[in-house]
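Reading through the structure tokens given below for one structure.
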Amino acid sequence: MSSSSKIIGIDLGTTNSCVAIMEGGKPRVIENSEGDRTTPSIVAFMEDGEITVGQPAKRQAVTNPQNTLYAIKRLIGRRYD
């Protein structure tokens, strides 16, 4: 691997996810826009067409449950009929 190669690791968790990169030979977890090192594995589709992810999606899940996806990791690789 050349010295300019980039390495990224993604932990797609059922509840939370995180991303890390290699810097100076050591892993560094990337903070999300709210400064947290993990992000809730939740996606929400809003009425105005906006797609919300992470903590904002989790906060609105009570008022918009029909358009909020969570624990979707369990469905990866399964047939959808």
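Taking label positions 7 Å along the Cα-Cβ direction at both Thr15 and Phe45, the computed distance is 2.7 nm, reported to one decimal.
Full extension from Arg28 to Ile8: what is 0.36 nm times the residue separation minus their Cα-Cα distance, to one decimal in nm? Intermediate results must be reported in sequence, preceding the final value.
Details: separation 20, 0.36 × 20 = 7.20 nm, distance 0.95 nm.
Gain on extension, Arg28 to Ile8, equals 6.2 nm.
Report the GluC sites (Glu not before Pro) located in segment 19-81 that are in a DSSP loop and have at most 14 other Cβ atoms inside 10 Å of their Cβ, or state none.
Working: sites: Glu23, Glu31, Glu34, Glu47, Glu50; in loops: Glu31, Glu34, Glu47, Glu50.
In loop regions of segment 19-81 (DSSP not H, G, I, E or B), the sparsely surrounded GluC sites (Glu not before Pro) are Glu31, Glu34, Glu47, Glu50.
Quick one: pull the percentage of alpha-carbon pairs in segment 8-75 with a separation above 16 Å.
On the way: 1164 of 2278 pairs.
The answer is 51 percent, as a whole percent.
Springs between alpha-carbon atoms under 10 Å, Gaussian network over the chain: tell me which of Asp36, Asp11, Asp48 tops the mean-square fluctuations. Among Asp36, Asp11, Asp48, the largest GNM mean-square fluctuation belongs to Asp48. In the chain, the DSSP-assigned H stretches of four residues or longer account for a calculated mean residue ellipticity at 222 nm of -1500 deg cm²/dmol, using -39500 (n - 2.57) per stretch and the full residue count as denominator.
Pairs of alpha-carbon atoms within less than 8 angstrom and 6+ residues apart define the contacts here; what relative contact order does the chain have, in percent? Write down the numbers at each step before the final one.
Working: 111 pairs, mean separation 18.6, N = 81.
Once divided by the residue count of the chain, the mean separation gives 23 percent.
Here's the list of lysines a cross-link from Lys58 could span, going by alpha-carbon distance under 30 Å and ignoring same-chain residues fewer than 8 apart: Lys73.
Values quoted throughout were computed directly from the atomic coordinates according to the rules given, and no laboratory measurement underlies them. Remember, it's a predicted structure, so these values are computed and weren't measured experimentally. No Cβ is skipped: glycine too gets one built from the backbone with ideal geometry, and neighbour counts run over all protein chains shown.
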